[in-house]
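The values are calculated or read from the model by the stated rules, or taken from the named source; none is laboratory data. Quantities reported herein were computed from a predicted structural model and do not represent experimental measurements. All Cβ positions, even for glycine, are placed from backbone atoms using ideal geometry, and neighbour counts span all protein chains on display. We work out accessible area using only protein heavy atoms, side chains counted, and drop any ligands, DNA or RNA first. Shrake-Rupley method; radii C 1.70, N 1.55, O 1.52, S 1.80 Å.
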Amino acid sequence: YNDGGGGVCVSTDAFFKMSGTARIGGTGTGEGNWSVNYGGGVRVLNGATFGMTGGSILGNTASGNGGGVCLSNGGTTFNMSDGSLLDNTASGNGGGVYLSDGGAIFSMTGGSILGNTASGNGRGVSVIRDSAFNMQGGLITAQGGDTVNVLSGGAALTVSGGAVMQTDANGTAIYGREISADQVKIADKGTVYSRGKA
């Protein structure tokens, strides 16, 4: 309950690497993982690191935050260069990825975050207090709601490569609340497309 991670929980300075065609979850009956609180597929906390160079985290559910992945606490990192976070669901925030407070960092240089849903904020990604999502490549898309949500002081989003897309006319590609203008940066070759609101 406290640590979360329906499929995998990586904690206290540990390192976990996912590659090739590995899967956490699935789309068939009973294949998806579930967490009562954080990280339906994966929870990374307390300075641990998750490296994803392939494979998929898919079809997982969190009754709280982070349907696919939840990161929290200082020094925690998730490095994604390939693979996919697909069709995960959160009853709270962050259908694909939820970055909690405490300085968690998600670095994306490739791969995709697609088709995830959340009842709260950030169907693709939700970033709050003092955590950062850095995108230099890859693709994040969502339908409805907001694709990426940035909430509260210290949260940061940088898109310097790859693309963030919202395909629903009623949705928003990037939505920020209780933040200053410099906490969201679109730079270099970063692309943001919103069929609906900017």
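Just add up the charged neighbours of Ile57: K/R +1, D/E -1, any other residue whose Cβ is under 14 Å from the Cβ of Ile57. Don't jump to the answer; show the numbers that get you there.
Details: positive: Lys17, Arg23, Arg43; negative: Glu31, Asp82, Asp87.
Within the 14 Å Cβ shell, the charges total 0.
Compared with the alpha-carbon gap, the fully stretched path from Tyr193 to Ser11 is longer by 62.0 nm at 0.36 nm per residue. I'd like to know which of Thr191, Ala104, Gly74 lies farthest towards the positive end of the charge dipole of the chain, counting +1 on Cβ of Lys and Arg and -1 on Cβ of Asp and Glu. Ranked along the dipole, the leading option is Thr191. A straight chain from Thr27 to Asn46 at 0.36 nm per residue would run longer than the Cα-Cα distance by 3.9 nm.
Applied to region 11-24, the Karplus parametrisation 6.51 cos²θ - 1.76 cosθ + 1.60 on θ = phi - 60° returns per-residue 3J(HN,Hα) values of 9, 6, 6, 6, 10, 10, 10, 10, 8, x, 10, 4, 10, 10 Hz, with x for Gly and Pro.
May I ask for the net charge around Phe78, where only other residues with Cβ less than 15 Å from the Cβ of Phe78 are counted and Lys, Arg are +1 while Asp, Glu are -1? Don't skip to the answer; put the middle values down first.
Numbers: positive: Lys17, Arg43; negative: Asp13, Asp82.
Result for the neighbourhood of Phe78: 0.
Heavy atoms only, probe 1.4 Å: what % of the accessible area of region 146-195 goes to carbon and sulfur, would you let me know? Ligands and nucleic acids excluded, carbon and sulfur reach 48 percent. Could you work out which residue, out of Val44, Val184, Val69, moves most in a Gaussian network model of the chain, that is, has the largest mean-square fluctuation with Cα springs under 10 Å? Ranking Val44, Val184, Val69 by mean-square fluctuation puts Val184 first.
How large is the accessible surface per residue of region 1-42, computed with a 1.4 Å probe and reported in Å² as a whole number? Before the final figure, lay out each step's value.
Details: 2490 Å² over 42 residues.
Accessible area per residue: 59 Å².
Report the far tail of the P(r) of region 104-177, meaning the percent of Cα-Cα pairs longer than 15 Å.
Values: 1320 of 2701 pairs.
Tail of P(r) above 15 Å: 49 percent of Cα pairs.
Distance between the 7 Å Cα→Cβ label points at Asn79 and Trp34: 3.5 nm. Extension gain for Asp168-Asp3 works out to 56.0 nm (0.36 nm per residue, less the C-alpha to C-alpha distance).
Within region 1-100, report the chymotrypsin sites (Phe, Trp or Tyr not before Pro) that DSSP leaves as loop and that have at most 10 other Cβ atoms within 10 Å. Don't skip to the end; give the middle numbers.
Working: sites: Tyr1, Phe15, Phe16, Trp34, Tyr38, Phe50, Phe78, Tyr98; in loops: Tyr1.
Answer in residue order: Tyr1.
Panel values: region 60-198, Kirkwood radius from alpha carbon pairs, Stokes-Einstein at 10 °C and 1.306 mPa s, translational diffusion coefficient 114 µm²/s. Close amide H contacts of Asp130 (hydrogens built in the peptide plane, cut-off under 5 Å, sequence separation of 5 or more or a different chain): Gly154, Ala155. Within the accessible surface of region 79-138, defined with a 1.4 Å probe on protein heavy atoms only, the carbon and sulfur portion equals 40 percent.
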